[in-house]
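The values are calculated or read from the model by the stated rules, or taken from the named source; none is laboratory data. Fair warning: this is a prediction, and the values are worked out from it, not measured in the lab. We place every Cβ from the backbone using ideal geometry, glycine too, and count neighbours over all the protein chains shown. Quick note on the areas: whole protein, heavy atoms, side chains included, nothing else; ligands and nucleic acids left out. Shrake-Rupley method; radii C 1.70, N 1.55, O 1.52, S 1.80 Å.
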Amino acid sequence: MPNRRHLLAAASLLLAAGGRPALAQARFNSLYMFIPAGPGGGWDGLGRAIEQVARQAGLVGTFQFENVGGAGGTVGLPRFVGQRRGRPDSLLVAGSIMVGATLTNRTPVGLKDLVPVARLTAEAGVIVVPAQSEIQDLKAFLEALKANPGGVAIAGGSAGGTDHITLGLILKALGHSAKDGSYVAFAGGGPAQAAILGAQVKAGISGLSEFAEQIKAGRMRALATTGAERTDPAVPTLKESGVDVVMTNWRGVFAPPGLRPEARQKLVDFITELHALPAWREMLKTRDWADAFLTGDAFTAFLAEDQAKTEAVLKEVGLA
C-alpha cells in the first residue's frame with residue numbers, strides 16, 4: 001500500500017503535468033477590469049469572459065470590475081486614465097465603438113492615451129426587430145427606411161459607434177443622408193434590449209452576441225447580419241441582400257498610461273497565455289466571436305489604420 005508521502009508526491013506530479021495551476025503561479029493575484037459601458041453589453045461580456053477563463057485556469061486570483069457607461073466609453077475613459085495611471089494591475093476593455101465615439105464627440109482623451117495590450121475578438125452586427133413587429137424581413141425593413149427614415153427608430157450603442165455607422169451606411173445606400181435616420185443611442189446592451197423588447201423602438205443594431213439569447217428564445221427576429229459571410233445559415237447578410245455594407249466590431253484590452261515596458265509585457269504575456277487556452281477557444285465558439293488576436297507593434301499599427309478608416313467613414317456619412 002502506498003503511504004501518505006507517496007500519494008502527496010504523486011499528486012504534485014499530476015499538477016505539474018497539466019492540472020490546474022496553483023494560485024501561487026498566478027500572473028496576477030488581483031486584476032482591476034474597467035468597463036467604460038453599462039453591464040450587459042459587448043465590452044462587459046468580453047471582460048466577464050476574460051475573468052471566467054483566467055480564474056478557472058488559475059492565471060488570476062480575483063477580479064475587481066468597475067462599469068462607467070456613456071458616450072461610447074468617452075465618459076469612463078478619462079476616469080480610467082486619471083485614476084489608474086501607472087498601475088500595472090489594470091485593464092480597460094474597448095474597441096471600434098470607442099474609436100468612432102471619440103471622433104464624433106471630439107473628445108480630448110482617446111485610445112491614443114492608453115497602452116495597447118491586445119485585440120481579442122471581432123464580431124458581425126445584426127439587425128433585429130421584436131418578435132411581434134409588423135416588419136417580417138429585411139426587405140420590409142429597407143422599404144420602411146427608404147420611405148421614411150426618420151419614422152423608423154433604431155436602438156444601438158453610443159453615437160458614432162459601429163452600430164450608428166452601420167445605420168448611416170445603410171441609409172446612404174438607400175439614397176438618404178445618415179442624418180435622416182432616427183438613431184437612439186444606449187450606453188449598454190441591456191438598456192437597448194429593453195427598448196427593443198418593449199417596442200419603444202422599431203428595430204435594433206448591435207453585435208450578434210448581445211442579441212443572440214433573445215433571438216434564440218424567439219423574443220427577437222434577426223433580419224440580417226453585417227459580416228462578409230453568413231454567421232447563421234438562416235440569416236442573410238446585408239451585402240448578399242443588395243446593400244453593399246460590411247461592418248465588424250473589434251474588441252480588445254488596454255492598459256493605463258505611465259507603465260514601465262516590463263509591466264506592459266506582463267499584461268501582454270497574460271493575455272497571450274489566456275488566448276492559447278482551450279477554454280478560451282470554447283468561449284469564442286459559445287459567444288459567436290471571431291478570433292482576432294493581435295498584440296505588439298501589429299496591434300499599434302492596426303489602431304492607427306482603424307482610426308483613419310473610421311474617420312473617413314464618419315465624414316462620408318455625415319457623422320463627423
Please report the relative contact order for the chain, taking Cα pairs under 8 Å with a sequence separation of at least 6, and give it as a percent rounded to a whole number.
25
Computed FRET value (nearest 0.05) for residue 262 with residue 217, which takes r as the C-beta separation and R₀ as 51 Å:
0.60
Can you tally the net charge around residue 152? Count Lys and Arg as +1, Asp and Glu as -1, for every other residue whose Cβ sits under 11 Å from the Cβ of residue 152.
0
Could you do me a favour and compute the accessible area per residue for the chain, 1.4 Å probe, result in Å²?
45
Given axes a ≥ b ≥ c from the Cα gyration tensor, I'd like to know whether segment 124-241 is rounded (a/c under 1.5), prolate (a/b larger than b/c) or oblate.
rounded
Sum -39500 (n - 2.57) across every DSSP H segment of at least 4 residues in the chain, then divide by the residue count to get the 222 nm mean residue ellipticity, nearest 500.
-13000 deg cm²/dmol
How large is the dipole of the chain about the Cα centre if only Lys and Arg carry +1 and Asp and Glu carry -1, each at its Cβ, rounded to the nearest 20 debye?
860
Of the peptides 167-179, 257-269, how do they stack up when ordered by the mean number of other Cβ atoms within 10 Å, highest first?
167-179, 257-269
Highest-fluctuation residue, 300, 107, 248 considered, GNM on the chain with Cα pairs under 10 Å:
107
Of the candidates 209, 183, 236, the farthest towards the positive dipole end of segment 124-241 (Lys/Arg Cβ +1, Asp/Glu Cβ -1, centred on the Cα centre) is 183
Share of the chain's accessible area from carbon and sulfur, percent, 1.4 Å?
54
Pick the calculated Rg and Dmax of the Cα atoms in Å for this structure from (i) 21.4, 83; (ii) 20.1, 68; (iii) 18.9, 57?
(i)
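Probe radius 1.4 Å, ligands and nucleic acids left out: which of 66, 273, 229, 282 has the largest accessible area, and how do the rest follow?
229, 282, 273, 66
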